[in-house]
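Working notes, beginning with the structure itself.
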Amino acid sequence: MDPLFTPLRLRNVELRNRLGLPAMSTYQAAPGSLPAPRWHLPHYQTRSVGMGLVLVEATAVAPEGLATPDDLGLWNDTQAQALTQIAEVITAQGAVPGLQLSHAGRKAARTRPWGDGADAALAETDGGWTPLGPSPLAFADGYSTPAEMTPAQIKRAVTQFAAAATRAACAGFRVVELHAGHGRLLHSFLPPLANHRTDAYGGDFAGRTLLLRQTVRAVRAALPDELPLIVRMSCCDFLPGGWTLDDTVRLVPLLAADGADLIDCTSGGIARPEPRPTGPCWQAPYAATIRHRTGVPTAAVGKITTLGQARDLLADGTCDLVLMGRQLLVDPMLPARHAHDLAPAPYRRALATTAAAGDGHLPPEL
Ligand SMILES: Cc1cc2nc3c(=O)[nH]c(=O)nc-3n(C[C@H](O)[C@H](O)[C@H](O)COP(=O)(O)O)c2cc1C
């Protein structure tokens, strides 16, 4: 049996295969942090063909958690209603719709990463605000120094994640992923490098992990029992004073007890400059280590570009799910080209004939 095209059950949700699209911001939201139907619906519909799971891009749980004004948001019912359509187009293709909930923390209030004035602190005249973080420490040069969150603000963030999870389930999403990686709020509390607090949310391991654990518990309580919760973690930071793979191995069983069903294993993003390794499947060893040392299911992600690589990672026990990002942005028909029955009916004949003729040849006319 092909390990890639084997279903994966998480709680009461079955993914038809082990291939997922990771959350990838497209920075195309309409005013009000709403989906732009002409962008988001075709984008996600196309990228659901043949997929087991489609995780919709980082969606802010509060206005101050927007990384950019072009991100999606989910702190009101209008947004939830609009997101329903994205969940519908994903479901209609046979994939399971998932939503990534995010608070950008000290990396909030930026411009999007391309175009004029790209990747800069958002000026107050353009609607900018002071971002929030565990401590008044900027992510890097050119980033705003965040305001140190009060305990009341921290508790409010937990509530915002839980409220957004409730709305995500109501909107038809059947998987929720918490973004606790890439230096965003939930990640930024974990390493001493970014968290200098001396209260209950800082100091030792228990203190620095408290926000993430409280959030996982609150989101778990907000979600229906049958829906799985994924936590995306930066498994290591590559920097002195940063979070380590051993820290992740120590925390993951606690998160699983708190209600996390699968760990999506990414890395880095806590500070710059960052000595970051790279290469084909380069983060997969994190997924393998966590899976083997904790017994908690994992997803591997990062420069996985062929179905053969994905199959090998599943066959050798590295992970339970493979996420393929940039490759599927540019080549969304990849899974269906290899499993024609997963394609919508109007494409199947073309797929069969192009495969018979060899890639790059047009199918015969009807
Ligand atoms: C354009 C772009 C947008 C991204 N947006 C997000 C995001 O919203 N949330 C997130 O957790 N990661 C985000 N990522 C990281 C991807 O989810 C993924 O982990 C990364 O691209 C590595 O996988 P790949 O090599 O298959 O692309 C983004 C990456 C890119 C290239």
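The values are calculated or read from the model by the stated rules, or taken from the named source; none is laboratory data. All values derive from a computational prediction rather than experimental measurement. Every residue, glycine among them, receives a Cβ derived from its backbone with ideal geometry; neighbour counts consider all protein chains shown. Remember, those area values only see protein heavy atoms, side chains included, never the ligands or the DNA or RNA. Shrake-Rupley method; radii C 1.70, N 1.55, O 1.52, S 1.80 Å.
Among residues of segment 284-301 that are within 11 Å of Asp320 (Cβ to Cβ), those with a Cβ under 6 angstrom from a residue that is among the small types (Gly, Ala, Ser) and in a helix (DSSP H, G or I), sequence gap 6+ or separate chain, pair up as Val296/Ala256; Thr298/Ala287; Ala300/Ala284; Ala300/Ala287. Filtered by the rule that a residue be touching a strand residue (DSSP E or B) at 6+ places or on another chain (Cβ under 8 Å), near the ligand (Cβ under 10 Å from one of its atoms) and part of a loop (DSSP other than H, G, I, E, B), segment 283-326 gives Gln283, Gly302, Ile304, Met324, Gly325.
This table checks each residue for (1) open to solvent by less than 30 Å² (accessible area, probe 1.4 Å); (2) touching a residue at least 60 places away in the same chain (Cβ under 8 Å); (3) closer than 17 Å to Leu186 by Cβ.
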| residue | (1), (2), (3) |
| --- | --- |
| Arg213 | no, no, yes |
| Val219 | yes, yes, yes |
| Leu227 | yes, yes, no |
| Ile230 | yes, yes, yes |
| Met233 | yes, no, yes |
| Leu239 | no, no, no |
| Asp246 | no, no, no |
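Scanning segment 107-133 for residues that are under 21 Å from Gly268 (Cβ atoms), buried (at least 16 other Cβ atoms within 10 Å of the Cβ) and within 15 Å of the ligand (Cβ to nearest atom) yields Lys107, Ala108, Arg110, Arg112.
It is to be established whether one or more residues within segment 198-214 are within 16 Å of the ligand (Cβ to nearest atom), modelled with pLDDT of 95 or more and touching a Leu at 6+ places or on another chain (Cβ under 9 Å). Scanning segment 198-214, I find at least one residue that is within 16 Å of the ligand (Cβ to nearest atom), modelled with pLDDT of 95 or more and touching a Leu at 6+ places or on another chain (Cβ under 9 Å), so the answer is yes. If you check Pro22, Pro69, Pro31 for being open to solvent by 10 Å² or more (accessible area, probe 1.4 Å), of a type outside the set (D, E, K, R) and within 16 Å of the ligand (Cβ to nearest atom), only one passes: Pro69. Tell me, please, whether a residue that is crowded, with 17+ Cβ neighbours inside 10 Å, without any contact (Cβ under 8 Å) to a residue 40 or more places away in the chain and assigned to a helix (DSSP H, G or I) can be found in segment 37-44. For segment 37-44, residues crowded, with 17+ Cβ neighbours inside 10 Å, without any contact (Cβ under 8 Å) to a residue 40 or more places away in the chain and assigned to a helix (DSSP H, G or I): present. Every test in (1) more than 16 Å from the chain's Cα centre (by Cα); (2) of a type in the set (Lys, Arg); (3) within 16 Å of the ligand (Cβ to nearest atom) is passed by Arg47 save one, and that test is (1). Just one of (1) of a type in the set (Asp, Glu); (2) open to solvent by less than 50 Å² (accessible area, probe 1.4 Å); (3) at pLDDT below 95 fails for Asp320. It is (3). On inspection, Val252 fails the criterion of being in contact with a Leu (Cβ under 9 Å, 6 or more places away or on another chain), of a type outside the set (Ser, Thr, Tyr), crowded, with 23+ Cβ neighbours inside 10 Å and part of a helix (DSSP H, G or I).
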